[in-house]
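The structure under discussion appears below in the form of structure tokens.
The values are calculated or read from the model by the stated rules, or taken from the named source; none is laboratory data. These numbers come from a predicted model, not from an experiment. In this analysis, Cβ positions are derived from the backbone assuming ideal geometry, glycine residues included, and neighbour counts consider all displayed protein chains.
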Amino acid sequence: MIEFYFSPGACSFVPHVALEVIQSVSGRGFEPRLVKLHRAEHRAPEYLALNPEGQVPMLVVDGKVLTQIVAICEYLDLSCPEAGLLPAEPWARAQALSTLAYFNNTAHPTFSHVFMPHKFADDEAAQAEVKRAGRVRYQEILKRIDALVAAAPGPFLLGERLSVLDPYALTLLRWGGLAGIDPDSLPRYKAYVEHLAQQAPVAAAIERERLQLNVFKK
Ligand SMILES: N[C@@H](CCC(=O)N[C@@H](CS)C(=O)NCC(=O)O)C(=O)O
């Protein structure tokens, strides 16, 4: 049994879509467990006992805990190769993992500087500077992902099939809206995300999380 701990709009959207793909391909289901970050449920002692980092996503597979998106994606792909969540061929797989790691360890923490500057500095002026600099850097990162979309060999980042990279790319553009970056400034990336949102497993995750795709406010 797979229990999946997630929070709406968070990076847990990535394994959420992966689990939906697996369900559609193999019939293997999962138990969604909503974690309300705004109510600090991830800081509750019961949650911290499972994941001391106090973060989503988290999988509990037959009672065993797995955290970190890169590891979760690797596990989900290996446990259901027919879902095609990552390429099987060694070089293509390494390239895909390279992009996944970039999303997870570079793009994602840069957004955290904009969204949670208090994690990086104590005084208000320093937080404002962390946020400003983070936003400039995040804009550059979104442009780099836009270039990946342009270079994609098909409608998805890896070609004809949806992989774990796609829901991450969607999440990062959506977060751009929260960072004050208008997705209309990246029309190709925006169109790719809109097409992605129409795919059944992605639409199912969006519906469960009740997500609005474009959260940019003019
Ligand atoms: N490197 C972690 C990042 C997880 C992460 O940053 N999760 C965020 C949501 S997007 C979270 O739980 N934030 C709450 C907090 O850190 O207090 C992973 O890959 O799972």
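Taking the criterion of being over 20 Å from Leu100 (Cβ atoms) and either in a loop (DSSP other than H, G, I, E, B) or of a type in the set (A, V, I, L, M) (or both), the only residue of segment 8-24 that qualifies is Pro8. Scanning segment 186-211 for residues that are in a loop (DSSP other than H, G, I, E, B) and either in contact with a helix residue (DSSP H, G or I) (Cβ under 7 Å, 6 or more places away or on another chain) or over 24 Å from Tyr138 (Cα atoms) (or both) gives Leu186, Gln198, Gln199, Arg210. Select from segment 79-95 the residues that are of a type in the set (A, V, I, L, M) and more than 16 Å from the ligand (Cβ to nearest atom) and list them in ascending order. Selection gives Ala83, Ala88, Ala92, Ala94. Checking each residue in segment 52-78 for being away from the ligand (no atom under 16 Å from the Cβ) and touching a residue at least 40 places away in the same chain (Cβ under 8 Å) picks out only Asp62. The single condition among (1) under 21 Å from Val193 (Cα atoms); (2) of a type outside the set (A, V, I, L, M, F, W, C); (3) over 22 Å from the mean Cα position of the chain (by Cα) that Gly154 does not satisfy is (3). Meeting the requirement of 3 or more residues that are hydroxyl-bearing (Ser, Thr, Tyr) and at pLDDT 95 or above, the helices (runs of 4 or more DSSP H) wholly within segment 63-134 are 90-102.
Being in a helix (DSSP H, G or I) and free of Cβ contacts under 8 Å to residues at least 60 places away in the same chain: is that true of Ala49 here? Full working, then the answer.
Working: in a helix (DSSP H, G or I): yes; free of Cβ contacts under 8 Å to residues at least 60 places away in the same chain: yes.
In short, yes.
Yes or no: segment 5-17 includes at least one residue that is hydroxyl-bearing (Ser, Thr, Tyr), within 13 Å of the ligand (Cβ to nearest atom) and touching a Lys or Arg at 6+ places or on another chain (Cβ under 8 Å). There is at least one residue in segment 5-17 that is hydroxyl-bearing (Ser, Thr, Tyr), within 13 Å of the ligand (Cβ to nearest atom) and touching a Lys or Arg at 6+ places or on another chain (Cβ under 8 Å).
Residue count for segment 25-38 satisfying the condition of being modelled with pLDDT of 95 or more, more than 10 Å from the ligand (Cβ to nearest atom) and not in a strand (DSSP E or B): 7.
Taking first residues from segment 122-135 that are of a type in the set (Lys, Arg) and partners that are surrounded by 13 or more Cβ atoms within 10 Å (Cβ to Cβ), the Cβ contacts under 7 Å between residues at least 6 apart in sequence or on separate chains come to Lys131/His113; Lys131/Val114; Lys131/Pro117; Arg135/Val114; Arg135/Ala179; Arg135/Gly180.
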